[in-house]
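Trainee: Quick one: structure below, then a few questions.
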Amino acid sequence: MVLGFMILIGSVALLMYGMKVMSEGLQKMAGSKLRNVLATATTNRFTGLLTGAFITTCIQSSTATTVMTVSFVSAGLLTLGQAISVIMGANIGTTATAWIMVLGGSFDIRLMVYAAIVLSVGLIYSRKNINLGEFIMGLALMLLGLTTLKSNAIDMHLDQIPAVKSIFDSTSHLGPGDYGTYFLYLLIGGLLTCAVQSSAAIMAITMTLCSTGVLDIYSGFALVMGENIGTTITSNVVAMSASTQAQRAARAHLIFNFFGVIWVLLVYKWFVNLVCWMVGCDPANVGDPVIFNAVLAAFHTSFNVCNVLILIWFIKPMEKLVCMLVPQREGMPEEESRLLYISGGLMSTAELSIFEAKKEINVFVERCTRMFDMVQELLGTEKGEDFNKLFSRIEKYESITDNMEVEICDYLTKVSEGRLSAESKIEIQHMMRVCSELESIGDANYNLARTISRKRQYGTEPFTEKQMQHIHSMMQLTKDAINQMAVVIEQGEHRYVDLNKSFNTEHEINNYRTQLKNQNVVDINNKLYDYQTGVFYMDIISECEKLGDYVINVIEASGLKEKRKA
C-alpha cells in the first residue's frame, strides 16, 4: 500500500513536470510570436476572447497567458477591457488540457510514450531542434504520468480501502441537499490548486478518484470548480507588485471564475444532469472510467463556455466593479528605486522572465529620459530653494540608475541559469550591455547637473546669450538622440525602426561639439567671457557629447543593428 501511494504521488509529480516542460518548449518555439498576437489581435471583445483561447491552447497554460496579459496591461499595451476578454478566452483554452488527459488516459500508450522519449532525447542531444525535443519530452512525460496514475489507482482499488472509503463516505452528505459537501470539495479543489500551482495535476487526481469510484460525479464536479478559482491566485500574486491596472485585470480573473461558481451552484444538479445527458451517461451510475473522465472534461468546458457566454456582454460593468474594488492608488514616488515588473521573483518560465526584464529596461529608459529633462530644467532654475530641491532629485535618480542596473542584471543572471534557447541567451547578453550603458547615461546626466551646480557655487559671470543658445541647441540634439533611443528600445523588435536617424544625430552632435570647442577658444581670446566661464561652458557641451555616445552604445548593445544587417 505504501508503495502504491508513493507511485501515486510520483505519477502526479511526473504529470506536473511534463506539463511544465511541454509548456516551456512551446513558449520557446513560438513565445515571441504569441506575445505579438496577444498585443495586437485584441481589437474587440470577441477577438480578445479568441486570442486568449488560442494562446492558452497552444502553450497549455492559462497561468502563462494570464500573467502575460497582466504584464501587457501594466505596460499599457492592453486596456483593462481587452485584458478581461483575453482572460475569458484563457479560461476556455485551459479546458483543452482535460481533453488531452481524456484522450491520453483512454488507452495504454506507454509504447508510444517511450518512443517519443527516445525521439525527444535524440532531438535535444543532436541540437537540431531542442525546443521541439523539449515539447515532445514534456508531452511524453505528462502522458506517462497520467497512464501510470490511472493504472496504479485501479490496481490499488481505492474504493475498497476502508480508511479511504470512510473518509469520502463521511463527507458525502453534508448540509441540506448535499451543498455542504459541494462547498467542502470546492474549497479543497481551490486550496490544492493554489498549493501546487497546477490545475492540470488536480484535474488528473479528480479524474482518478472519480473513475475508481471513490468520488461521485457531483463531488468531482465541485473539485473541478474549485480548481478554476485556485488557478486565479497566481495572476493575483504576480499583480501585487505591478500597476493598479494590472491588479484590476488579475482581480477580474478571480471575479469571472467566482461568478461562474456561484451561478452553477444555484442550478448545480440540473447543470450536472445536462452535461451527463450531452455525453450520454447516467449521473447516478456512469460506470465506464473513460466515460467518467469525458464527463469531467465536458463539465469543465461547458462551465467555462457558459460563463463566457453570460459575462462577455458585461465587460464594461466588470471594469467598473474591479475599479471600485481596486481604487487608483497614489503613484509611486518618482524617487523610489524599486523595480516595477520583476520585484516579485522569476516568472513561471524563463521566456516570460525575459519579457518582464524587457519592460523593466523600458522603465529604465524612461527614467533616464526624465532625468535629462530635469537637467534641462535645472539649467534655467534661478531660485536657490528650487535649484537645491531639483538637484537633490537628480542626485537621487543617479542612485536609482545604479540600483536598477545591478538589480536587472542580477535578475537576468538568474534567468540565464534556466533552460533557454540560443536566441534567448544572446538576447540576455544584449540586455545586460544595454543596462550598463543606460547606467552610464544616468552618470552623464548627474555630471551635467554637477557642472551646473559648481558654476553656481563659484559665482562666475552668467553665460552669455550666445552661449545659452548653443547649450540649448546641444541639449535639444541630445534630447532628440535620447527620444530616438527610447523608440528603438521599445519598438525595435515589433516593427522596423530606422537606426540611421540615431547615427545621423550622433554625427551632428559630434560636429557641433567640435565647432563650439573651436569657437570657445576664439571667444575667450576676444574677451567675450572669462576663462572659467568658458571651462564650465565646454564641460556642459562635452558631457552632452558623451551622453550622445552612450545613447549610440545602447542602440548597438541592443543587437538590433546586427539583426538589420542579417
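Trainee: Can you tell me which of 80-90, 392-402 comes out highest on packing, and rank the rest after it, using the mean Cβ neighbours within 10 Å?
Mentor: Details: 80-90: 26.8, 392-402: 17.9.
Those peptides, ordered most packed to least, come out 80-90, 392-402.
Trainee: I would also like to ask the following. Can you sort 178, 498 so the residue with the fewest Cβ neighbours within 10 Å comes first? Spell out each step's value before the answer.
Mentor: Values: 178 18, 498 12.
Listed from fewest to most nearby Cβ atoms, that is 498, 178.
Trainee: A further question on this structure: Over all pairs of distinct alpha carbons, what does the Kirkwood formula give as the hydrodynamic radius of region 350-565, in Å? Mind dumping the intermediate values first?
Mentor: Numbers: mean 1/r = 0.0542 Å⁻¹.
By the Kirkwood definition, the hydrodynamic radius is 18.5 Å.
Trainee: Roughly what would the spin-label model give for residue 266 and residue 47, points 7 Å off Cα along C-beta, in nm?
Mentor: Once both label points are built, they end up 3.4 nm from each other.
Trainee: For the pair residue 119/residue 324, report the inter-label distance in nm, with labels modelled 7 Å from Cα in the Cβ direction.
Mentor: 5.4
Trainee: On a full-extension model of 0.36 nm per residue, what is the gain between residue 518 and residue 414, subtracting their alpha-carbon distance, rounded to one decimal in nm? Don't skip to the answer; put the middle values down first.
Mentor: Numbers: separation 104, 0.36 × 104 = 37.44 nm, distance 4.92 nm.
My answer for the length gained is 32.5 nm.
Trainee: Another question, then. Measure up 455/527; 320/358; 455/501; 128/414; 396/501 against 22 Å on the Cα-Cα distance and list the ones that go over.
Mentor: Numbers: 455/527 19 Å; 320/358 30 Å; 455/501 34 Å; 128/414 26 Å; 396/501 32 Å.
Among 455/527; 320/358; 455/501; 128/414; 396/501, the Cα-Cα distance tops 22 Å for 320/358; 455/501; 128/414; 396/501.
Trainee: Can you sort 490, 439 by how many other beta carbons sit within 10 Å, fewest first?
Mentor: Details: 490 17, 439 22.
If I rank by nearby Cβ atoms, fewest first, I get 490, 439.
Read-outs throughout are calculated quantities, based only on the coordinates presented, and are distinct from any laboratory measurement. Quantities reported herein were computed from a predicted structural model and do not represent experimental measurements. Quick reminder, even Gly has a Cβ in these numbers, built from the backbone with ideal geometry, and neighbours come from all protein chains shown.
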